[in-house]
Amino acid sequence: MVTVYHNPRCSKSRAAVAFVVEQLGEANVTIVRYLQSPPTADELRELLRRANLRAHDAIRTGEAVYAELGLNQSCSEDELIAAMVSHPILIERPFVVSDKGVVLARPTEKIAEVL
């Protein structure tokens with residue numbers, strides 16, 4: 001089973017879902033619409049740990065709320081994770097999760113690493 005943290009308004013996210021469904025079939029894919037069902041802080045920490053990323057690597061700095069909250073490169077991991085959980089639009093997408101690992105699927109071809 002593969003899980004895709006998905007935002008249907010994002011072309012990269014839609015491409016990730018299409019790639020995984022094409023490779024594994026729809027029955028083997030769980031889609032998490034993370035804007036409606038955001039991960040907890042612990043879940044996000046675990047995704048980042050498994051993907052070998054820091055919060056700085058997975059936060060959308062171009063979102064207006066990033067500036068509104070006064071976030072920047074000097075913020076701690078805990079501060080960024082708290083902001084991402086409270087404002088899931090800040091979470092970069094798509095994350096793809098399998099038993100083999102977790103990737104931030106940018107570019108989409110990175111998904112092959114965990115299939």
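Nothing in this text is a laboratory measurement; each read-out follows from the coordinates by a stated rule. These numbers come from a predicted model, not from an experiment. Note that each Cβ is placed from the backbone with ideal geometry, even for glycine, and that neighbours are counted across all protein chains shown.
For the chain, the longest principal axis of the C-alpha atoms and the axis of helix 77-86 are separated by about 70°. Set against the 2.2 N^0.38 Å expectation for a compact globular protein, the chain has a Cα radius of gyration ratio of 1.02.
Would you work out which of Gly62, Cys10, Val114 lies farthest towards the positive end of the dipole of segment 5-115? Charges go on Cβ: Lys and Arg +1, Asp and Glu -1. Projecting each Cα onto the dipole axis, the largest value belongs to Cys10. Since only Pro38, Ser98, Ile81 are under comparison, the one whose Cα sits farthest along the positive direction of the charge dipole of segment 12-115, derived from C-beta charges on Lys, Arg, Asp and Glu, is Ser98. The mean sequence separation of alpha-carbon pairs under 8 Å and at least six residues apart, normalised by the residue count of the chain, gives a relative contact order of 33 percent.
The magnitude of the dipole of segment 69-112, with charges of +1 and -1 set on the Cβ of Lys/Arg and Asp/Glu and taken from the Cα centre, is near 220 debye. The dipole here belongs to the chain: it is taken about the Cα centre, uses +1 on the Cβ of Lys and Arg and -1 on the Cβ of Asp and Glu, and is about 280 debye.
Among Ala41, Ala16, Ala64, the largest mean-square fluctuation in a Gaussian network model of the chain, built with springs joining Cα atoms closer than 10 Å, belongs to Ala64. Using a Gaussian network model of the chain in which every pair of alpha carbons under 10 angstrom is joined by a spring, one finds that among Ala67, Ala82, Ala105 the greatest mean-square fluctuation is at Ala67.
How large is the helix-only mean residue ellipticity at 222 nm for the chain, computed as the sum of -39500 (n - 2.57) over DSSP H runs with n ≥ 4, divided by its residue count, in deg cm²/dmol to the nearest 500?
-10000 deg cm²/dmol
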